[in-house]
Amino acid sequence: MKPSSVFVSLAASIAMAAVFSAPSSNAQSGQEGSGNAPPIRVYPSPTNLKVLPKNLTGAQVRGIMHQWESELGVECETCHVRDPQKLGPNGKPQFDYANDAKPEKAAARVMYAMVEDINSNYIAKIEGLGLPVSCGTCHRGRISPEPFSTDAENRGAEKK
């Protein structure tokens, strides 16, 4: 397994999704599409990537963020602040994704670097080990992983 293989496979999947959902020439020219198809969303290029590769598109970063959301059981608000000066079409303040004010965002960067280190410097060096680790390996849909306990510890707790 090559270093950063988790990220490479995730980025490849996201890139494929972006290719197949790329806007048509009508959408790029501002013309409405035909039928009842939802409008194609365009995601701005990220401006504050510190641990993810800087060449990712907005759609690719969004895909990675949604993957992390599901693995951690969180939503955008966990790491990102809203800008009260920028209102979206729904009248709510939009996220300021480049803002680093929340400590959870800094923690996510540290954790991502840890996962990459584990996969490239440890997992990749053991042939036939299997899947690389991800956020979900430990978090399993929770923002804080549950403490590990053995079956013997669980049985002891039940007797008390």
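Read the figures in this text as sums done on the coordinates, not as results from a lab. Because the structure is a prediction, the values reported are computed rather than measured. No Cβ is skipped: glycine too gets one built from the backbone with ideal geometry, and neighbour counts run over all protein chains shown.
Report the net charge of residues surrounding Arg109, where surrounding means a beta-carbon distance below 12 angstrom and charges are Lys +1, Arg +1, Asp -1, Glu -1.
Summing Lys/Arg as +1 and Asp/Glu as -1 gives 0.
Calculate the length of the line joining the C-alpha centroid of segment 38-61 to that of segment 85-160, in whole Å.
21 Å
By the scheme Lys and Arg +1, Asp and Glu -1, what is the net charge of all other residues having a beta-carbon under 13 Å from that of Ser45?
Net charge around Ser45: +2.
Using only alpha carbon pairs under 8 Å that are at least six residues apart, calculate the relative contact order of segment 42-116 and give it in whole percent.
The value is 26 percent.
Short version: ³J(HN,Hα) in whole Hz for each residue of segment 118-132, in order, from phi by Karplus 6.51 cos²θ - 1.76 cosθ + 1.60 (θ = phi - 60°), x for Gly and Pro, what are they?
4, 5, 7, 9, 10, 4, 5, 8, 10, 5, x, 5, x, 5, x
Starting from the Cα of Thr137, step 7 Å along the direction of its Cβ; do the same at Thr78; then give the gap between the two resulting points in nm.
Result: 1.8 nm between the two label points.
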